[in-house]
Amino acid sequence: MSDITSLSAVTRPADVRPSPGDIPRSRGNAMWVTDRSGMVGWGRAASLTFSGPDRFTQAQRWFDAVVASATIEDEVARPGTGLTAFGTFSFADESADSSTLTIPATILGWDEQGAWTTTVRSDAASDGETIAPIGHLGKVQWGPGDLDEDRFTDAVSETVAILAKGDIKKVVLARDMRIVSEEPMDERLLVAKLARDFPSCWTFCVEGMIGATPEMMASVRAGHLTTRVLAGSWPTTGGHDAAEYALRSSAKDIAEHRYASDSVLHAIDLQASGPVRANGPTILRLPNVVHLATDFEADLAPGWTGLTAAGAMHPTAAVGGTPTDKALEVIRRIEGLDRGRYAAPVGWMDSQGNADWALALRCAQLEADPRRARAFAGGGVMDRSIPQQELAETEAKFSAILRAFA
Ligand SMILES: C=C(O[C@H]1C=CC=C(C(=O)O)[C@@H]1O)C(=O)O
């Protein structure tokens, strides 16, 4: 645990909704934007990293301890006000990337009812800090990462052969791309572009992990959990209607979706205090792909939080496979990437018990070198998958994040 004494958080109503130009820094921000609400934070009042299989419960315990010793004065009392932490977690228990929770020193937030400012502890640099102008990226280039296109299609073929034996039903394989810009990457610019282009998604930036995801693991408001699970995709290169028709009539995608939604339902059944309601599969249309989507909702049983619920679901069969352990072993052996914080929970939680923990998809991790980032995209492989089709699906998924860098 870090050397936190007591924090003092003050939330007051604000007159205007913030814009990216109100954020002083180009890096190290915590941002969360939807079409209806958002928060942008900077500075670190407190922060801690976690690792290993119990990283989610470690993080929850730390946040609970911070809240218990804090003085919170909240004149707004809506989701995201009071003491709020942003987090990003690693996909794998053994990842070299840490999982982190950060309580920003300053948060500007807004929702449909108005705006607010939370100040936890103003670190020296944010007092009267000059706002750095929003920087453009200059020329941007991207190319294959550790698993290039040929190796990805080989990995799909190899996995299809394993799936044909019947013990393993589904494995989600991913590949990575390296992005290099001429000028330093500015989080404010990337977030503004993603939020504009993907208004129906959750746009995030936490510890340089930036993206706009359509998948929600655990959104909690007053103890009520909502989840959106996606699996089964079709690129919209031939138009949305054609993609929707292809997806609705694809037995492979319908079965692939079923494994993912079953894995989430199984987890929520253990977390719910009453009935779990399901709605789906329906079609979710995004600019670059259409997905099969199922929404679940339930009241959380005592003891569960958004973060522990998301942690217990992770990795769902939307990013791992079925059965989970065997699929993860295939991912480790055949894909072989350290996925870092891709395909794992990213989001925020507040001291009132509200939280949004989305699945970090359609995203890139900004690196310590400010001109470099690494993006990931993957797809569910089934026994009847066609390698070139899986590749095309990852291309369509990559386009979401690559467009933000263009
Ligand atoms: C693993 C990813 O997508 C998941 C979420 C939606 C649809 C998926 C699919 O159709 O394969 C994946 O399960 C990704 O975007 O990198």
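Listing for the model above:
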item: For the chain: relative contact order, % (alpha-carbon pairs under 8 angstrom, 6 or more apart); result: 23
item: Pairwise label distance in nanometres, residue 35 with residue 285, each label 7 Å out on the Cα-Cβ vector; result: 1.1
item: Residue-wise HN-Hα coupling along segment 320-326, computed from phi with Karplus coefficients 6.51, -1.76, 1.60 (Hz; x: Gly, Pro); result: x, x, 9, x, 4, 4, 5
item: Whole-number D in µm² s⁻¹ for the chain, Kirkwood Cα-pair radius fed into Stokes-Einstein, 20 °C, 1.002 mPa s; result: 100
item: Spatially proximal lysines relative to residue 326 (Cα-Cα < 16 Å; intrachain offsets below 8 disregarded); result: 165, 169, 170
item: Estimated vicinal HN-Hα couplings, Hz - segment 18-27 in sequence order (Karplus 6.51, -1.76, 1.60; Gly, Pro = x); result: x, 10, x, x, 8, 8, x, 10, 8, 9
item: Protection proxy ranking of 86-98, 336-348, 136-148 - average other beta-carbon atoms within 10 Å, highest first; result: 336-348, 86-98, 136-148
item: Accessible-area order (highest first, 1.4 angstrom probe) of the listed residues 304, 32; result: 304, 32
item: Kirkwood hydrodynamic radius of segment 162-266, Cα pairs, Å; result: 17.1
item: Sulfur and carbon atoms: percent of accessible area, segment 8-405 [1.4 Å]; result: 51
item: For segment 155-166, Karplus couplings with θ = phi - 60° (6.51, -1.76, 1.60), whole Hz, Gly/Pro x; result: 5, 5, 4, 4, 5, 4, 5, 5, 5, 4, 6, x
item: Heavy atoms of residue 39: accessible area, 1.4 Å probe, square angstrom to 10; result: 10
item: Cα-centre dipole for segment 8-405 with unit charges at Cβ (Lys and Arg positive, Asp and Glu negative), debye to 20; result: 260
item: Largest-first ordering by accessible area, 1.4 Å probe, given options 165, 326; result: 165, 326
item: Over the chain: helical MRE at 222 nm, DSSP H runs n ≥ 4 each giving -39500 (n - 2.57), nearest 500; result: -8000 deg cm²/dmol
item: Length gained when the stretch residue 146-residue 167 is fully extended (0.36 nm per residue, less Cα-Cα span); result: 4.7 nm
item: Amide hydrogen neighbours beyond the local backbone of residue 344, cut-off 5 Å, H modeled; result: 360
item: Stretch gain in nm, segment residue 338-residue 94, where the contour uses 0.36 nm per residue and the Cα spacing is subtracted; result: 87.0 nm
item: Ranked packing of 198-204, 227-233, most packed first, by mean Cβ within 10 Å; result: 227-233, 198-204
item: Calculated FRET value between residue 77 and residue 262, using beta carbons and R₀ = 41 Å, to 0.05; result: 0.65
item: For segment 270-395: accessible area per residue (Å², 1.4 Å); result: 35
item: Chain lengthening between residue 132 and residue 19 when straightened (0.36 nm per residue, less Cα-Cα); result: 39.3 nm
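The values are calculated or read from the model by the stated rules, or taken from the named source; none is laboratory data. No experiment lies behind these values; they were computed from the predicted model shown. Note: ideal-geometry Cβ built from the backbone for every residue, glycine included; neighbour counts use all protein chains shown. The area values use the complete protein model at the heavy-atom level, side chains included, leaving out ligands, DNA and RNA. Shrake-Rupley method; radii C 1.70, N 1.55, O 1.52, S 1.80 Å.
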